[in-house]
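Q: A single structure is presented below for examination.
The values are calculated or read from the model by the stated rules, or taken from the named source; none is laboratory data. It should be emphasised that the depicted structure is a prediction, and the values quoted were computed from it without experimental measurement. Neighbour counts run over all protein chains shown; Cβ positions are idealised from the backbone, glycine included. SASA here: full protein model, heavy atoms, side chains in, ligands and nucleic acids out. Shrake-Rupley method; radii C 1.70, N 1.55, O 1.52, S 1.80 Å.
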Amino acid sequence: MRDKILIVDDEADIVSMLKDYFEFNGYDTITASNGREAIEKAGKQPDIILLDVNMPDVDGMEVCARIRHFVSCPIVFLTARIQDGDKVRGFGIGGDDYIVKPFSIEELGARVAAHLRRERRGRDLAKVRFDDKLAIDYTERCLYYDGRPIPLAKKDFEIIELLSRHMGQVFSKERIYELVWDYGSDGESSVVAEHIRRIRSRFAAAGMKQYVETVWGLGYKWVK
């Protein structure tokens with residue numbers, strides 16, 4: 001079955017270029033030229049979304065925030081400019097990656113393929129119980145505590161998956177970013193720290209112990 005990509009950009013030339021490239025490489029494509037159209041077409045359940053940030057009317061950030069409650073696929077932002085604060089905001093509302101314009105189309109293709117491989121691997125994993133109360137279902141991509149599901153954003157779950165599958169192993173912030181986001185790690189410490197903070201907040205709200213431990217000066221590890 002061919003993977004389906006939703007391409008969203010208000011520049012017709014970029015949409016046309018991406019559509020031609022991905023269809024030539026074996027993907028099905030859906031296109032949208034503005035935010036409102038993107039929200040509507042996200043209901044077609046694409047396997048990945050390429051989403052321009054800087055659109056008039058409804059921008060990419062707002063689109064992402066509106067669709068995240070019914071779309072679980074990776075969302076890759078396309079943007080002409082990006083600062084660390086923008087990245088933190090984008091990841092916080094459910095984005096998975098950024099690529100800066102002008103970009104290499106081959107690099108974008110490689111990132112899309114990497115995200116889709118990760119999605120397929122996630123569907124092939126099984127449920128693991130860590131103690132009497134905590135269970136992680138890697139197939140459903142859900143964490144349960146005392147029988148209750150704990151809601152988590154996509155990247156929060158993937159960080160938990162990485163740490164919990166390597167219990168006791170310490171991962172630096174840079175290494176976590178490299179493995180979870182499938183790309184280079186330079187300058188992304190603040191993004192990872194924000195996700196760890198949010199994971200701990202979820203755990204505390206559920207009455208859970210803090211399974212993610214800080215190893216000062218080194219990074220984070222999962223403890224039993």
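Q: Of the chain, which part is the longest with no GluC sites (Glu not before Pro) in a loop (DSSP not H, G, I, E, B) and with at most 16 other C-beta atoms within 10 angstrom?
A: Segment 12-139 is the longest.
Q: Compare the Cα positions of 1, 54, 38 along the charge dipole of the chain (+1 at Cβ of Lys, Arg; -1 at Cβ of Asp, Glu; about the Cα centre) and return the one farthest towards the positive end.
A: 1
Q: Relative to the Cα centre, what is the charge dipole magnitude of the chain, using +1 at the beta carbon of each Lys and Arg, -1 at the beta carbon of each Asp and Glu, and rounding to the nearest 20 debye?
A: Charge dipole of the chain: 1220 debye, to the nearest 20.
Q: Using a probe of 1.4 angstrom, how much of the accessible area of the chain is carbon and sulfur, in percent?
A: The nonpolar share, carbon plus sulfur, comes to 49 percent.
Q: Write down the accessible area per residue of the chain in Å², having rolled a 1.4 Å probe over the full set of protein chains.
A: In whole numbers, the chain has 48 Å² accessible per residue.
Q: Counting other C-beta atoms within 10 Å, and keeping those with at most 12, which DSSP coil chymotrypsin sites (Phe, Trp or Tyr not before Pro) do you find in the range 131-224?
A: Numbers: sites: 138, 144, 145, 157, 171, 177, 181, 183, 203, 211, 216, 220, 222; in loops: 138, 181, 183, 211, 216.
Of the chymotrypsin sites (Phe, Trp or Tyr not before Pro), the ones in loops of the range 131-224 whose Cβ has at most 12 other Cβ atoms within 10 Å are 216.
Q: Along the charge dipole of the chain, which of 116, 167, 177 sits closest to the positive end, that is, farthest toward it, with unit charges on the beta carbon of Lys, Arg, Asp and Glu (+1, +1, -1, -1)?
A: The residue sitting most towards the positive pole is 167.
Q: Next up: Considering amide H positions built from the backbone, and no H for Pro or chain starts, which residues 5 or more places from residue 130, or on another chain, come under 5 Å of its amide H?
A: When sequence neighbours closer than 5 places are left aside, the close amide H contacts are 135, 136.
Q: Treat every Asp and Glu Cβ in the range 128-180 as -1 and every Lys and Arg Cβ as +1, leave all other atoms uncharged, and give the resulting dipole magnitude about the Cα centre to the nearest 20 debye.
A: The calculation lands at about 80 debye.
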